[in-house]
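Some notes on the structure that comes next.
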Amino acid sequence: MAVLSTNVSDAPARLRAFFKSVGTSLAVGFEAHAHRASRRDQIVALEAKSDEELARMGLRRDDIIHHVYRDLYYI
């Protein structure tokens, strides 16, 4: 006579939950990094200024992008 026994545990469910939490954490981190790296809010704020305000800052409207990303590129 053959006896078959199956020992089922909740390890696969815990493992799925672990990977889901790791994936969620990575997604949140990447989204936060993308928001900081985009610097879109700085660009919008500078574009909202008048040409006279930009001139007082030593900027032209064409130089806004270069000014915002000046620390990343050699210009």
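Ranking Val28, Val68 by Cβ neighbours within 10 Å, fewest first, what do you get?
Values: Val28 10, Val68 17.
Least to most surrounded, the residues fall as Val28, Val68.
On full extension of the chain, what length is gained from Leu72 through Glu47, given 0.36 nm per residue of separation minus the C-alpha to C-alpha distance?
Details: separation 25, 0.36 × 25 = 9.00 nm, distance 2.00 nm.
Extra length available between Leu72 and Glu47 comes to 7.0 nm.
Put +1 on the Cβ of every Lys and Arg and -1 on every Asp and Glu Cβ in the range 36-75; which of His66, Ser50, Ser38 then has its Cα farthest towards the positive end of the dipole?
Farthest towards the positive end: Ser38.
Output ³J(HN,Hα) for the range 14-27: one whole-Hz value per residue in order, computed from phi by the Karplus curve 6.51 cos²θ - 1.76 cosθ + 1.60 with θ = phi - 60°, and x for Gly and Pro.
Karplus values, whole Hz, x for Gly and Pro: 5, 5, 4, 5, 4, 5, 5, 5, 5, x, 5, 4, 5, 4.
Any read-out appearing in this document is the output of simple, stated calculations on the displayed coordinates, not a laboratory observation. Model, not experiment: these values are computed from the prediction. Because the Cβ atoms are built from the backbone with ideal geometry, glycine has one as well, and the counts that use them run over all protein chains shown.
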